[in-house]
Amino acid sequence: MPSYKYTAYGKDGKEIKGSVEADDKETALQQIKNAGNIPINVSEEGLFDKDINISFGGKKVSARDLSIFCRQFVSISGAGVAIVDALEMLADQTESKELKAAIIDVKVSVQKGETLANSMRKQGKIFPPIMINMIEAGEASGNLEVSFDRMATQFEKQTKLQSLVKKSMIYPIALLVIVIGVVIAMMILVIPSFADMYADMDQQLPVLTRALMACSDFIVGKWYILLAVIALIVVAFKVFAASEKGTYILANMSMKAPIFGKLTVKSASAQFARTLSTLTASGISMIDALEIAGKTMKNVIFRDAVMEAREKVAQGRPLSEPLKNGKVFPNMIVHMIGIGEETGNMEDMLVTAASYYEEEVEVATEATAAVIEPLIIVVMAAIVGTIIMAILIPMFGMYDLAGGGEV
């Protein structure tokens, strides 16, 4: 999503500067005005204008922290505690420093007469749009606790999916780190000692051994060049990933990758169905719900598909039609939405679809881990085995020559 830097007059009349993320300049202007500021100048940030955030202590507020916040708010407000007092209590017991500061700011804003939703909207970097819109709908309908309860369920499901994926990747990543560590250790410590021994041999070394020696010499003697090349590749990848073309290429690759493709599609389907069901259940219109759901999609191809569907729905077409024509979402979720439209039971069908794909994500995650783990072990064995063979082949030749000389 583009980032826009701005200069504005704050509520106290002082000039302030900052940046916001928005789909376009008009949306950015609206966000600045919603925060109570008067914009003077707004322009899109270039690649090298953006702030470089290097965090050593702070961290982004997780879905787990938000789910706990919502559950605790339901419990406290359900006991008859006023919103301001509830926010103060939640701020005192929240572990996340970022969330704690945001809750305090929200409490101050509510004390000044702002609605809870508008107060949270000013903390847009902490509270996601889906949560703000849910709270706004809850305040309008008088069912604020219900909105918080549904958001707690939403964040809990999101946390579970993220945990499943992360958990399945821990072991493969650990194996990959071990592979890299073993190879580097052999190149720096083992290969040079054999190189000195083979230097005194009066025979031509095998091509594999010579190539290995050359790699070892390069790593030991010119490691700074290797680091520079790696850094250049990382920077080039980040620049490419940040570009519009790169974003679409990487999104398409993630959907069609041999092992991870199905997992990407099922995760996006589960997120879309769960988000849409949560929003529509709170009385938010389908058009607004699709816009919010689309903005929460991390994969830009899925995001475009949802936003395109929103435009078609605004024209009076059923949701299942543009989703089917877009050929991005699986047929299962399209059919389930179609059935929901025909029966008038869209909310239940979306919940069913969300639950189905969440289970599919769990199965796909376990299957992916089951494939990756032995694959990495095989690759590790092949790499280490190749290095060992390259070292031992000349030694076998030495033994053969020694044996021939004795005869």
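The values are calculated or read from the model by the stated rules, or taken from the named source; none is laboratory data. Everything quoted here is computed from the prediction, not taken from an experiment. Neighbour counts are summed over all protein chains in view; Cβ atoms, including those assigned to glycine, are modelled from backbone coordinates with ideal geometry. Ligands, DNA and RNA are stripped out before the accessible areas are found, and what is left, the full protein with its side chains, is counted by its heavy atoms. Shrake-Rupley method; radii C 1.70, N 1.55, O 1.52, S 1.80 Å.
Taking the conditions exactly as written (at positive phi and at pLDDT 85 or above), does Gly326 satisfy them or not? In short, no. Exactly one residue out of Phe237, Phe218, Phe194 is touching a residue at least 40 places away in the same chain (Cβ under 8 Å) and either assigned to a helix (DSSP H, G or I) or within 30 Å of Val351 (Cβ to Cβ) (or both): that is Phe194.
Under the condition of being within 25 Å of the chain's Cα centre (by Cα) and without any contact (Cβ under 8 Å) to a residue 40 or more places away in the chain, the residues counted in the stretch 113-166 number 7.
A quick yes/no check of all residues on (1) among the polar types (S, T, N, Q); (2) touching an Asp or Glu at 6+ places or on another chain (Cβ under 7 Å); (3) not in a helix (DSSP H, G or I):
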| position | (1), (2), (3) |
| --- | --- |
| Asp92 | no, no, no |
| Lys107 | no, yes, no |
| Val110 | no, no, no |
| Met120 | no, no, no |
| Lys125 | no, no, yes |
| Ile130 | no, no, no |
| Glu145 | no, no, no |
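Residues of the stretch 317-330 that are closer than 14 Å to Ala273 by Cβ, assigned to a helix (DSSP H, G or I) and open to solvent by 20 Å² or more (accessible area, probe 1.4 Å): Ser320 alone. If you go through the stretch 67-82 and keep only what is touching a Ser or Thr at 6+ places or on another chain (Cβ under 9 Å), open to solvent by less than 30 Å² (accessible area, probe 1.4 Å) and of a type outside the set (Ser, Thr, Tyr), you end up with Phe69, Cys70. The single condition among (1) open to solvent by less than 70 Å² (accessible area, probe 1.4 Å); (2) over 27 Å from the mean Cα position of the chain (by Cα) that Asp85 does not satisfy is (1). Considering only the stretch 237-244, I want to know if a residue exists there that is among the aromatic types (Phe, Trp, Tyr), at pLDDT below 85 and surrounded by 13 or more Cβ atoms within 10 Å (Cβ to Cβ). Checked the stretch 237-244: no residue is among the aromatic types (Phe, Trp, Tyr), at pLDDT below 85 and surrounded by 13 or more Cβ atoms within 10 Å (Cβ to Cβ). Regarding Gly58, is this residue over 21 Å from the mean Cα position of the chain (by Cα), modelled with pLDDT under 65 and either part of a loop (DSSP other than H, G, I, E, B) or closer than 21 Å to Ser243 by Cβ (or both)? Criteria not met by Gly58. Yes or no: Ser119 among the polar types (S, T, N, Q), open to solvent by 50 Å² or more (accessible area, probe 1.4 Å) and modelled with pLDDT of 80 or more? In short, no.
Residues in the stretch 270-316 that are in a helix (DSSP H, G or I), hydroxyl-bearing (Ser, Thr, Tyr) and surrounded by fewer than 24 Cβ atoms within 10 Å (Cβ to Cβ): 2 in all. Condition test on Glu98, is it under 28 Å from the mean Cα position of the chain (by Cα) and open to solvent by 30 Å² or more (accessible area, probe 1.4 Å)? Answer is yes for this residue. In the set (1) under 22 Å from Ala382 (Cα atoms); (2) crowded, with 17+ Cβ neighbours inside 10 Å; (3) of a type outside the set (Phe, Trp, Tyr), the condition left unmet by Leu144 is number (1).
Every residue, every condition in (1) among the small types (Gly, Ala, Ser); (2) open to solvent by 60 Å² or more (accessible area, probe 1.4 Å); (3) closer than 21 Å to Ala257 by Cβ; (4) at pLDDT 85 or above, yes or no:
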position	(1), (2), (3), (4)
Thr343	no, yes, no, yes
Asp348	no, yes, no, yes
Thr352	no, yes, no, yes
Tyr356	no, yes, no, yes
Ala367	yes, no, yes, no
Val378	no, yes, yes, yes
Gly385	yes, no, no, yes
Ala390	yes, no, no, no
Pro394	no, no, no, no
